[in-house]
Amino acid sequence: MITLNTRSRIILLVVGAALPALAFTVYSTLDERERAETRARQELRRLVTLAAREQAQVIEGARQTLVAISLVSSVVLNDPVRCSKYLASLLERSPGIYHSMGIYGADNILFCNALEWKGTVYSPDRLYVTLTRKTGKFSIGEYQVGRVTKLPGINLGYPLTDEAGKVAGVAFVGVDLNSLNTMAAVTPLPSHGILTVVDRDGLVLARKPASAARIGQKLRNPDVLAALNSSTGEGEFRARGTDGVDRLFAHDIVVKNPQGPVPIRILVSLPLNVVFGEANRAFVRNIAGILIATLLLLVAAWYGAEIFVLRKTRALLAASSRVRAGDLSARTGLRYDGEELSQVGEAFDEMTRALQQRDTELKRAVHDLKEQAITDSLTGLLNRRYLREYLPRELTRARRGGTSLAVFMVDLDYFKRINDSFGHDAGDLVLKELGTLLKNQIRTSDVACRFGGEEFALVMPDASLEGARQKADAIRVAVSELDLRYNGKPVGRITASLGIALFPNHAADADALMRIADEALYHAKGAGRNRVVVGAAAAGKPPATS
């Protein structure tokens, strides 16, 4: 170094300065690849959860159909002819969803069916039949070809009990795989993504992109099968596809059986080259940019003086390091003139100012959007979307802590009369006042939401049944004591009906809890309004009215 002249030393310094930039680019690329994979995992988890919910709708619809069949009069169900006619009419009203419906008797012999059949159909080997009889609960079978229809599908069973409560028969529906494929087809997927619905044995029930040849075939990738079989819930993993492409997989459970392996899972995969595509392209761009900048700096170093070049270079490196660390207020401090490095410093400072302003605006916009997304603009209460996200989380917390949770459904009585008599502005006034009343009535740990129209929902964690009933009645009384006027005229007496459902007494999941609270509200309306009704989980048990 002693024998080198100043120009050569500057050149070496410039080259040396380029090496950390190259190293940082490699590090940034690896970091970006990691973050890209994290984002891809989150997106795949979201997609697979969405797809699982959509597929579960088909299963839930089938379960409700079976429940409806089980509630049909025994006079119909015990008569093979009448039973078959009833099921045939039910099947005709469900085109494209089911391809068969029937009932197996206590001897596992087909007793009645929506379709005509010949001979004796004996099915003790079908999983849904044996599992329904064993557990006395709704059960889901595996991929099968129907003995009557000769069509592929997946059958679901529901117990028919006698007066002693014993399983006397099994009602079933055969879900048409086209309905599962239809749900899969409307699920949004990223480019080159694949969605697959499989049964407990890894047989394909539905797929996107559609592939009729794959339906009913077992997954061909042993690594994917092993990952699914070793998991009891949702998850993600990497595996090489049968096409030799490394892929990122996310899977989730569509529905569970009373016992045994998971009957239906959903799997979404994405090639890793798609996941890392932008990071790889950015790496190439960054390397090219660094090389070009280095050449320019070498030319400048050749003709520049050490004191001017190095001083400005150090200022630029210091500012870039601060930005890299997240300090967007960093500036070079260079005087802006016509010299090249000064122009670079000015451009850098303009970029950081723009980034700083954009970052501030983005944070403000994100905050505003979050507030708008979960708030009802009229009442200022939280909205239905927030409730749908909040209630499952709160139920999980209650389940872990072994505590109870109450859900109220509140509906104004004869609200249409107010709109018809005074106009919608008066109706809006009443809704706002009710929103204010609910805010004042609940604890800080409770949540009040506008569910829609004149219907509101309250969630009370750590609430006993009696405490919930008392709070509901206090709200009912407070509503009836409102004295509202619109344009100087009294609106009239306002009353509300309330329905209550309690976790875990009435239901164990959010949808069931909301449904039971809504049913209790319906009973409150039917019983004369201006009252509180507590829901009931047991079939046939009437809600408690107060």
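The values are calculated or read from the model by the stated rules, or taken from the named source; none is laboratory data. Owing to the predicted nature of the structure, the values given are computational and were not obtained by experimental measurement. SASA here: full protein model, heavy atoms, side chains in, ligands and nucleic acids out. Shrake-Rupley method; radii C 1.70, N 1.55, O 1.52, S 1.80 Å.
Some observations on this one:
- Considering helices alone, the calculated mean residue ellipticity of the chain at 222 nm is -16500 deg cm²/dmol, with DSSP H runs of length four and up weighted by -39500 (n - 2.57) and normalised per residue.
- Shape category assigned to the chain from the gyration tensor of Cα positions, a/c cut at 1.5: oblate
- Length, then width, then depth: along the principal axes, the Cα atoms of region 131-253 run 57, 30, 24 Å.
- Share of alpha-carbon pairs per 10 Å distance bin for region 478-527, given as whole %: 24, 31, 24, 16, 4
- When the P(r) is computed for region 408-546, the part past 24 Å accounts for 28% of the Cα-Cα pairs.
- To the nearest ten degrees, helix 465-480 and the longest principal axis of the Cα atoms of the chain are 90 degrees apart.
- Long-range amide H partners of VAL254 with built H, under 5 Å: ILE264, ARG265, ILE266
- Taking only the C-alpha atoms of region 1-93, Rg followed by Dmax gives 35.4, 110 Å.
- Percent of Cα-Cα distances greater than 29 Å, calculated over region 66-221: 22 percent
- The accessible surface of the chain, taken with every protein chain in place and a 1.4 Å probe, is 55 percent carbon and sulfur.
- Comparing Cα centroids, region 262-324 and region 23-74 end up 35 angstrom apart.
- For region 87-97, 3J(HN,Hα) computed residue by residue from phi via the Karplus equation (6.51, -1.76, 1.60; θ = phi - 60°) reads 5, 5, 5, 5, 5, 5, 7, 10, x, x, 9 Hz, glycine and proline entered as x.
- Separation of alpha-carbon centers, region 471-534 and region 379-430, rounded to whole Å: 10 Å
- Remark on LEU151: its backbone amide H falls under 5 Å from those of GLY146, a criterion applied only to residues 5 or more positions apart or on other chains, H modelled at 1.01 Å from N.
- Sequence-distant contacts, meaning Cα pairs under 8 Å at least 6 residues apart, place the relative contact order of region 218-270 at 26 percent.
- Semi-axis lengths, Å, region 205-269, gyration tensor of Cα atoms, sqrt of 5 times eigenvalues: 20, 16, 10
- Sequence-separation-based contact order of region 224-325, relative, with Cα cut under 8 Å and 6+ spacing, percent: 15 percent
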